[in-house]
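Asker: Structure in structure tokens, see below.
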Amino acid sequence: QVQLVESGGGLVQAGGSLSLSCAASGSIFAFNVLNWYRQAPGKLRELVAVITRGGSTNYADFVKGRFTISRSAAKNTVNLQMNSLKPEDTATYYCNAEDIFRKTSWGQGTQVTVSS
């Protein structure tokens, strides 16, 4: 069972930045795909950013140019750098990983609140 633990959430003013991290129990580079999702109150969970085992990245249109997903070998984490934050970015952010057997795992989530 893969364990994913997110950290780095908090309260920030609009226009500010936050950096989220997700630590995995296995090698972060062994997963097929690593994703960041978010879910705001009363809304469906939505995909924010993706990084594949080969390092390709993809972003939802609403974060393109503002968020960056990356992996850290030294810390064995997948990270989400969030810049130019907007109040509508307020949500619980979840790390998600798909392993080589296509089994997915979720973290417990970390809250991001952006004040206007």
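Asker: Just to make sure I understand: if all protein chains stay in place, what is the order of Arg45, Arg53, Arg38 by accessible area at 1.4 Å, largest first?
Answerer: On the way: Arg45 90, Arg53 110, Arg38 15 Å².
Sorted descending by solvent-accessible area, the residues read Arg53, Arg45, Arg38.
Asker: Still on this structure, please answer the following. Contour minus end-to-end for Gln39 and Asp61, with contour as 0.36 nm per residue of separation and end-to-end as the Cα-Cα distance? Walk me through the numbers before you get to the answer.
Answerer: Numbers: separation 22, 0.36 × 22 = 7.92 nm, distance 1.59 nm.
Here the answer is 6.3 nm.
Asker: Using the Kirkwood radius built from alpha carbon pairs, what does the Stokes-Einstein equation give as D for the chain at 10 °C and 1.306 mPa s, in µm² per second?
Answerer: On the way: Rh = 14.0 Å.
Here the translational diffusion coefficient equals 113 µm²/s.
Asker: Compute the accessible area per residue over the chain, keeping the other protein chains in place, probe 1.4 Å, unit Å².
Answerer: On the way: 6010 Å² over 116 residues.
Each residue of the chain exposes 52 Å² on average to a 1.4 Å probe.
Asker: What's the magnitude of the charge dipole for the chain around its Cα centre, counting Lys and Arg as +1 and Asp and Glu as -1 at the beta-carbon? Answer in Debye, nearest 20. Let's see the in-between values first.
Answerer: On the way: 11 positive and 7 negative charges, 27 e Å.
Value, rounded to 20: 120 debye.
Asker: Next question, about the same structure. Over the range 1-45, one equal point on each Cα, no solvent: what is log10 I(q)/I(0) by the Debye formula at q = 0.20, 0.22, 0.26, 0.30 Å⁻¹?
Answerer: -0.87, -0.96, -1.09, -1.17
Asker: Over the chain, what is the relative contact order in percent, taking alpha-carbon pairs closer than 8 angstrom and at least six residues apart? Display every interim value, and only then the final one.
Answerer: On the way: 287 pairs, mean separation 42.6, N = 116.
Over the chain, the number comes to 37 percent.
Asker: Fully extended, how many nm does the chain gain between Asn32 and Gln81 (0.36 nm per residue separation, minus their Cα-Cα distance)? Write out the running numbers ahead of the final one.
Answerer: Details: separation 49, 0.36 × 49 = 17.64 nm, distance 2.08 nm.
So the chain would gain 15.6 nm between Asn32 and Gln81.
Asker: Given springs between every Cα pair under 10 Å in a Gaussian network model of the chain, which of Leu47, Leu11, Leu34 has the largest fluctuation?
Answerer: Among Leu47, Leu11, Leu34, the largest GNM mean-square fluctuation belongs to Leu11.
Asker: Here's a follow-up. At a 1.4 Å probe, what is the % contribution of carbon and sulfur to the accessible area of the chain? Write out the running numbers ahead of the final one.
Answerer: Numbers: 3020 of 6010 Å².
Carbon with sulfur: 50 percent of the solvent-accessible area.
Asker: Picking from Gly55, Gly42, Gly15, which is most flexible by a Gaussian network model of the chain using Cα springs under 10 Å?
Answerer: Judging by the Gaussian network model, the answer is Gly42.
Asker: Treat each spin label as a single point 7 Å out from the Cα along the C-beta direction, and report the Arg102 to Thr68 distance in nm.
Answerer: About 3.4 nm separates the two model spin labels.
The values are calculated or read from the model by the stated rules, or taken from the named source; none is laboratory data. Just so it is clear, the model here is predicted, and its values are computed rather than measured. Quick reminder, even Gly has a Cβ in these numbers, built from the backbone with ideal geometry, and neighbours come from all protein chains shown. For accessibility, only protein heavy atoms count, side chains too; no ligands or nucleic acids. Shrake-Rupley method; radii C 1.70, N 1.55, O 1.52, S 1.80 Å.
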